[in-house]
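See structure below.
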Amino acid sequence: MKDNTAQAEHWNGPAGQRWASLCDRHDYRLANIQNALMAFAAPERGMHVLDIGCGCGTTTLKLAEACAPGRVLGVDISAPMLAAARARAASVAVEFVEADAATMKYRPGYDLVFSRFGVMFFADPVAAFAHIRTALKPGGRLAFSCWCAMKENDWVSLPFEAARDLLPPQVPQDPHEPGQFAFADDKRVHSILAGAEFRNIHIERLAMEVKLGADVDDAGNGALGSGALLRAAAELDEPTREIILVRLRNLMAQYAAPDGVALPGACWLVGAGV
Ligand SMILES: C[S@@+](CC[C@H](N)C(=O)[O-])C[C@H]1O[C@@H](n2cnc3c(N)ncnc32)[C@H](O)[C@@H]1O
């Protein structure tokens with residue numbers, strides 16, 4: 001099986017540190033998705049739940065609240081994100097473990113394997129999901145969210161397009177490379193799960209608004225300060241970044257409302273059984 005060393009390095013390097021420092025911003029962005037994903041996953045009192053790619057632990061804590069006195073384990077490959085998760089969970093009965101979810105040794109018997117955008121990073125997704133399936137007890141379920149294509153996610157594509165002519169040339173990427181949009185094709189997701197011997201696979205599209213900031217400045221800074229645009233603009237000089245920021249503020253102004261700036265997005269809600 002291809003291993004996940006490259007992703008482990010990514011999530012333990014500057015990208016992971018930055019995510020950890022921005023976890024409140026990520027939660028704010030995902031607020032609309034969080035409720036829909038929890039309703040879709042339907043955790044219940046007493047369940048034992050595994051939260052894969054739990055990051056800074058927001059979903060792990062929500063699951064613990066919903067499932068008490070059940071057992072909830074958050075698994076992540078990133079030390080800085082888990083440090084943030086542990087700090088947030090000081091008084092809550094959850095466990096976190098730093099491990100590669102594709103290969104770690106699971107104590108079997110989980111009712112639910114859950115993930116909010118934490119499963120698109122496996123180098124060999126069929127092998128990873130086949131391994132994860134062994135953590136579920138008979139009758140157990142899998143429920144996760146993953147992003148639809150970038151072109152269906154204006155909150156990512158429009159800021160990028162606004163800056164594109166000022167960015168260094170972008171190397172075209174294999175759309176199946178581990179990363180944010182690796183599971184954009186729902187037929188591929190279905191075939192990965194079928195290949196890992198999951199049953200009753202169902203995939204729903206969720207269209208929603210992704211909240212980018214409290215106001216135009218906050219949303220513009222946030223767009224340049226995270227994700228694909230942050231990486232693409234990393235080497236630009238200050239005057240060029242300033243031009244991009246002005247463009248981003250103009251873009252955000254078109255989507256500003258009294259309760260903040262939100263742009264359209266879409267993700268898949270994916271469920272399956274063993
Ligand atoms: C996009 S972040 C999502 C974090 C969190 N679920 C959330 O919604 O805020 C993806 C997470 O998956 C983790 N991850 C990537 N590959 C992993 C692997 N092989 N095993 C465990 N975690 C992994 C990353 O470290 C990161 O925390």
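The values are calculated or read from the model by the stated rules, or taken from the named source; none is laboratory data. Since this is a predicted model, take the numbers as computed values, not measurements. As a convention, Cβ positions derive from the backbone with ideal geometry for all residues, glycine included, and neighbour counts pool all protein chains shown. Just so you know, the surface numbers come from the protein's heavy atoms only, side chains and all, with ligands and any DNA or RNA stripped out. Shrake-Rupley method; radii C 1.70, N 1.55, O 1.52, S 1.80 Å.
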Candidate set: region 62-76, residues that are out of contact with any strand residue (DSSP E or B) (no Cβ under 7 Å at 6 or more places or on another chain) and among the aliphatic types (A, V, I, L, M); chosen: the one nearest to the ligand (Cβ to nearest atom) = Ala66
Selected residue [closer than 30 Å to Pro258 by Cα, open to solvent by 10 Å² or more (accessible area, probe 1.4 Å), hydrophobic (A, V, I, L, M, F, W, C) and at pLDDT 95 or above] from Ala149, Ala130, Ala123 | Ala149
Could you tell me whether Thr5 is polar (S, T, N, Q) and touching a residue at least 40 places away in the same chain (Cβ under 8 Å)?
-> no
Lone qualifier among Arg18, Arg86 - being over 21 Å from Phe144 (Cα atoms), more than 11 Å from the ligand (Cβ to nearest atom), over 17 Å from the mean Cα position of the chain (by Cα) and surrounded by fewer than 19 Cβ atoms within 10 Å (Cβ to Cβ) | Arg86
Does any residue in region 97-125 that is part of a loop (DSSP other than H, G, I, E, B) come within less than 7 Å, Cβ to Cβ, of a residue that is of a type in the set (D, E, K, R) six or more places away or on a different chain, and which pairs are these?
-> Pro108/Lys137; Gly109/Lys137; Ala123/Lys2; Ala123/Asp3; Asp124/Lys2
Test Thr59 against the criterion of being within 9 Å of the ligand (Cβ to nearest atom) and part of a helix (DSSP H, G or I), and give yes or no.
-> yes
Taking interchain pairs and intrachain pairs at least six residues apart, which have beta carbon atoms under 8 angstrom, with the first residue in region 225-244 and within 15 Å of Pro159 (Cβ to Cβ) and at pLDDT 95 or above and the second open to solvent by less than 80 Å² (accessible area, probe 1.4 Å) and of a type in the set (Asp, Glu)?
-> none
Just name the residue that is nearest to the ligand (Cβ to nearest atom) out of those in region 23-47 that are buried (at least 19 other Cβ atoms within 10 Å of the Cβ) and assigned to a loop (DSSP other than H, G, I, E, B).
-> Leu30
State which residue is modelled with the lowest pLDDT when the search covers only region 62-83 and only residues that are part of a loop (DSSP other than H, G, I, E, B) and open to solvent by less than 30 Å² (accessible area, probe 1.4 Å).
-> Gly70
Filter region 97-115 for residues that are within 11 Å of the ligand (Cβ to nearest atom), open to solvent by less than 40 Å² (accessible area, probe 1.4 Å) and either within 20 Å of Glu65 (Cα to Cα) or of a type in the set (D, E, K, R) (or both) and give the result.
-> Asp100, Phe114, Ser115
